[in-house]
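Comments concern the structure below.
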Amino acid sequence: LGILLEQLEELGLAGEEDFVFVVSDHGEEFYEHQQWGHGHSMFEELMRIPCIARGPGIPAGTVVADPVGLVDILPTLGGVAGFRLPAGIHGLPLQPYWTAGTTPRPHDVFGEKFHVRDLMMLRSGKMKFIQIPDTGPEAGGKRFDMVFDLKRDSSEARNLANPDDEGLELISLRARALSIRKLALSGALDSERLELDEETRRRLAEMGYAEGFGEGAP
């Protein structure tokens, strides 16, 4: 990253007076939960990504332990750039983490994936909720819930959710996740289905984004 920032400065694209955020879109599975690649689950190996920031007023070496999300970058940039944010966004500005005399407001971090598998996740402090389709022989469209205490179980090996006796924590986490999903769907943009040519399919496959593009798929 040091080399990258030096090159940006030499090219006149970013200097010490500019804010630079380095993030990832997702992590990668290396069989921690018996899966490879990405896009199959919402475990930490996929959801926990780097978020490295440099800019005026950000102390070097500051490490934030609270969970934050990619959705927080827009309001953060909006704050430093001074532009008005759209109403109803879920993210919060990250400036309180490096501004003296201010206190960050904890908030839930949400993640989801549609299409091939309908996955949903909510991180609230040390607790994490995951919902996936139940693939059992008699599932009938039901969902399978998981709850993990990441402070005690960072590898997400012990599911605390009990389908036969749902506790208040599971009910609360699931309700908050569904509320955020409803908010996201209310502001979703219209889309249309496009036919992909073979060259586009090949390039997507090389990048690992061709899952679900079977024969006859759009």
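The values are calculated or read from the model by the stated rules, or taken from the named source; none is laboratory data. Computed from a predicted model, the values in this text were never measured in an experiment. Here the Cβ is made from the backbone with ideal geometry for all residues, glycine too, and neighbour counts use every protein chain on show. Please note that ligands, DNA and RNA were not included when accessible areas were found on the heavy atoms of the full protein model with its side chains. Shrake-Rupley method; radii C 1.70, N 1.55, O 1.52, S 1.80 Å.
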### Task
Could you give me the residue pairs with C-beta distances under 9 Å whose first residue belongs to region 145-172 and is among the aliphatic types (A, V, I, L, M), whose second residue is open to solvent by 80 Å² or more (accessible area, probe 1.4 Å) wherever it lies, and which are 6+ apart or on separate chains?
Val147/Glu169; Leu150/Lys126; Leu160/Glu169; Ala161/Phe144; Ala161/Glu169
### Task
Please enumerate the residues belonging to region 1-55 that are more than 26 Å from Val109 (Cβ to Cβ), in a loop (DSSP other than H, G, I, E, B) and either open to solvent by less than 80 Å² (accessible area, probe 1.4 Å) or of a type in the set (Phe, Trp, Tyr) (or both).
Gly12, Ala14, Gly15, Asp18
## Note on the structure
Restricting attention to region 148-175, the residues that are open to solvent by 80 Å² or more (accessible area, probe 1.4 Å), among the basic types (Lys, Arg) and part of a helix (DSSP H, G or I) number exactly 0
#### Entry: From Glu44, Glu28, residue being without any contact (Cβ under 8 Å) to a residue 60 or more places away in the chain, out of contact with any Cys (no Cβ under 7 Å at 6 or more places or on another chain), acidic (Asp, Glu) and within 20 Å of Arg123 (Cα to Cα)
Glu28
### Message
Based on this model, can you work out whether Ser186 counts as more than 21 Å from Gly39 (Cα to Cα) and either at pLDDT 80 or above or open to solvent by less than 80 Å² (accessible area, probe 1.4 Å) (or both)?
### Response
no
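In region 58-65, is there at least one residue being at positive phi and either open to solvent by 50 Å² or more (accessible area, probe 1.4 Å) or at pLDDT 90 or above (or both)?
Among the residues of region 58-65, at least one is at positive phi and either open to solvent by 50 Å² or more (accessible area, probe 1.4 Å) or at pLDDT 90 or above (or both), which makes the answer yes.
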### Task
Being at pLDDT 90 or above and charged (D, E, K, R) is the filter; apply it to region 109-130 and report the residue that is least open to solvent (accessible area, probe 1.4 Å).
Lys128
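So is Gly37 at pLDDT below 85 and in contact with a Leu (Cβ under 9 Å, 6 or more places away or on another chain) or not?
Spelling it out, it is not the case that Gly37 is at pLDDT below 85 and in contact with a Leu (Cβ under 9 Å, 6 or more places away or on another chain).
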#### Entry: Verdict on Ala157 being at pLDDT below 85 and of a type outside the set (Ser, Thr, Tyr)
no
#### Entry: Evaluation of Arg181 against (1) at pLDDT below 85; (2) assigned to a loop (DSSP other than H, G, I, E, B) (one fails), failing number
(2)
### Query
Among all residue pairs at least 6 apart or on different chains, which show Cβ distances below 9 Å where the first residue, located in region 76-90, is touching a residue at least 12 places away in the same chain (Cβ under 8 Å) and the second is part of a loop (DSSP other than H, G, I, E, B) and among the small types (Gly, Ala, Ser)?
Thr76/Gly91; Val80/Gly55; Val80/Gly57; Gly88/Gly187; Ile89/Gly187; His90/Gly69
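When the residues of region 71-95 are narrowed to those that are surrounded by 14 or more Cβ atoms within 10 Å (Cβ to Cβ) and touching a Ser or Thr at 6+ places or on another chain (Cβ under 9 Å), which ends up modelled with the lowest pLDDT?
Gly91
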### Task
Working only within region 53-86, note down all residues that are over 12 Å from Trp98 (Cβ atoms) and of a type in the set (Gly, Ala, Ser).
Ala65, Gly69, Gly78, Ala81, Gly82
### Query
Within region 40-53, is there a residue that is over 16 Å from the mean Cα position of the chain (by Cα) and either within 29 Å of Lys128 (Cβ to Cβ) or modelled with pLDDT of 85 or more (or both)?
yes
